[in-house]
Amino acid sequence: MEITSSFSFPSQEDFNSLNFFQELDFLSPSSDHHQSMSKKIKINDFDHNPVEEILNKFLGVENETHPESKSVENHTLFDFKNQKVDFEMKDHGVLSGTKRVRENANEKEEDVVEVISGSGSGSGSGSGFSQQPLQQRRLWVKNRSNEWWEQCNRPDFPEEEFKKAFHMGKATFDFICSELESVVTKKDTMLRMAIPVRQRVAVCIWRLATGEPLREVSRRFGLGISTCHKLVLEVCTAIRGVLMAKFIQWPDDIRMEEIKQEFEILSGIQNVGGSMYTTHVPIIAPKESVASYFNKRHTERNQKTSYSVTVQGVVDPKGIFTDVCIGWPGSMTDDQVLEKSILYERANRGNLNGTYIVGSSGFPLTDWILVPFTHQNVTWTQHAFNEKVNDVQKVAKEAFMRLKARWSCLKKRTEVKLQDLPVVLGACCTLHNICEMRGEELRQELRFDLVDDEMLPEIVVRSMNAMKVRDQIAHKLLHHNHSGTSFL
């Protein structure tokens, strides 16, 4: 069995088929929404400079594609792109001082971009200019403090305090930074220094670990709110693109045999290759397809309207994800999400080779899925089997508890847009595997009781042969002293 990446997300065709995402922010420049956006001029784009255009129009100079390559007599050319001013006009008064580019009249002084165009002297009747050297362009930015991050980034910062903040040790954080460095590194520009790689990664991990709002992330790291939002998505995209395929893999034949042995020691059931579980991540009510994301079970239990997306995964005995299916609407049942997964396709192709995946009562009984007996008045043998299946199920449930505890953003209604959410969820699953593989212990105060309501599938048994196999396994457990049931 070859090693393959094992994760799946809803495709665009799936979204379209469910009438998803009809009102996104991908509007054309001609749309009313785009026109109503802020008219603030980008400080790093001088190809079309309105100030230059107005001044040249005022002085009677025709607009040219490359004004610096033209020689115009008796005109003043203002080229802010190359910081070049050519004073040859003799019929106009003195033009000097600072040209301000601001968004509106109420904009603060520290948020204004200043371009010093030079100064001259002359009479109002046009006695000519005395050319002055052009001053350096200055960029006024809001002064923000990043003292908290500077302390965390110091080599002598306590390890325990670092773990408390980022839910991982310094060594694991350094490892992630080194893996992502080539992807997230940015170059310095003429206007500002690039944000270092470690700070970029730290913004993302701290946001995922704490679930704090972006304004708090901005305050901690001394960056703008929009910058923090952009960094979180950029780093999550890098994690998904670079690390996900490396750290979430379906086991090869050798590793699968080890997994089967470990599960057999735990439960006494042979040929178990994974434990499967489905959890829900709460979201804000979407603008479109609201009914698809409505979580009826959580709403009834909490007496509060709930919307969610699902995360379904298979874990090994150590709680490491070997397969994940992310981002399907919360109204879908466990078996419906399963049918959308790569695992389901792999099983239908016959690639599991007699390997069983243990699931809860929310999954159907098939030739490759073992689930507990759900009918009333179970026999002693069936009860013993259910207890052993429950032991395997606990492994997956514990893994999902650690996933949500370590990345607290998964327990809160996220501010992330629906179309970006699968990227964030995939990054959390990948970071979970990295932490588990590197032996990162979850702090006791972060643990909690994970509750996800289960709903029986419409067709509980999908294979008569699977019923016979389950009965044989249950009988073998009871008569070979593997049951260990308190009921007996």
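The values are calculated or read from the model by the stated rules, or taken from the named source; none is laboratory data. Owing to the predicted nature of the structure, the values given are computational and were not obtained by experimental measurement. A quick note on method: Cβ atoms are made from the backbone with ideal geometry, for glycine too, and the neighbour counts reach across all protein chains shown. Just so you know, the surface numbers come from the protein's heavy atoms only, side chains and all, with ligands and any DNA or RNA stripped out. Shrake-Rupley method; radii C 1.70, N 1.55, O 1.52, S 1.80 Å.
Rolling a 1.4 angstrom probe over the protein heavy atoms, how many square angstrom per residue are accessible across segment 358-474?
Values: 5280 Å² over 117 residues.
Solvent-accessible surface per residue comes out at 45 Å².
Where Lys and Arg each count +1 and Asp and Glu each count -1, what net charge lies around E345 among other residues with Cβ under 13 Å from its Cβ?
Details: positive: K340, R346, R349; negative: D323, E339.
Result for the local shell: +1.
When only Cα pairs under 8 Å and 6 or more residues apart are kept, what is the percent relative contact order across segment 342-488?
It comes to 38 percent, rounded to a whole number.
Looking at this model, which pairs from K394/K468; K163/K260; K186/K417; K187/K287; K304/K397; K164/K394 are more than 29 angstrom apart at the alpha-carbon?
K163/K260; K187/K287
Report M437's accessible area, 1.4 Å probe, all protein chains in place, as a number in Å² to the nearest 10.
100
So if we plug the beta-carbon distance of V469 and I265 into 1/(1 + (r/R0)^6) with R0 = 22 Å, what FRET efficiency do we get, rounded to 0.05?
Efficiency at R0 = 22 Å is approximately 0.55.
Sort I205, I459 from largest to smallest accessible area, using a 1.4 Å probe on the heavy atoms of the protein chains.
I459, I205
Put a dot 7 Å past each Cα toward the Cβ at K186 and R301; how far apart are the dots in nm?
The answer from the label model is 4.1 nm.
In debye, nearest 20: dipole of segment 378-419 around its Cα centre with unit charges on the Cβ of K, R (+) and D, E (-)?
With Lys and Arg at +1 and Asp and Glu at -1, about 380 debye.
Provide the solvent-accessible area of H479, counting protein heavy atoms only and rolling a 1.4 Å probe, rounded to the nearest 10 Å².
It works out to around 110 Å².
As I understand it, the dipole of segment 228-290 uses +1 on the Cβ of Lys and Arg and -1 on the Cβ of Asp and Glu, about the Cα centre. Which of T279, I269, C228 lies farthest toward its positive end?
C228
Could you compute the FRET efficiency for R438 and T374, with r as their C-beta to C-beta distance and R0 at 41 Å, rounded to 0.05?
With a Förster radius of 41 Å, E is 0.60.
With labels modelled as points extended 7 Å from the Cα through the Cβ direction, what inter-label distance (nm, one decimal) is found for R255 paired with I284?
Between R255 and I284, the simple spin-label model gives 3.8 nm.
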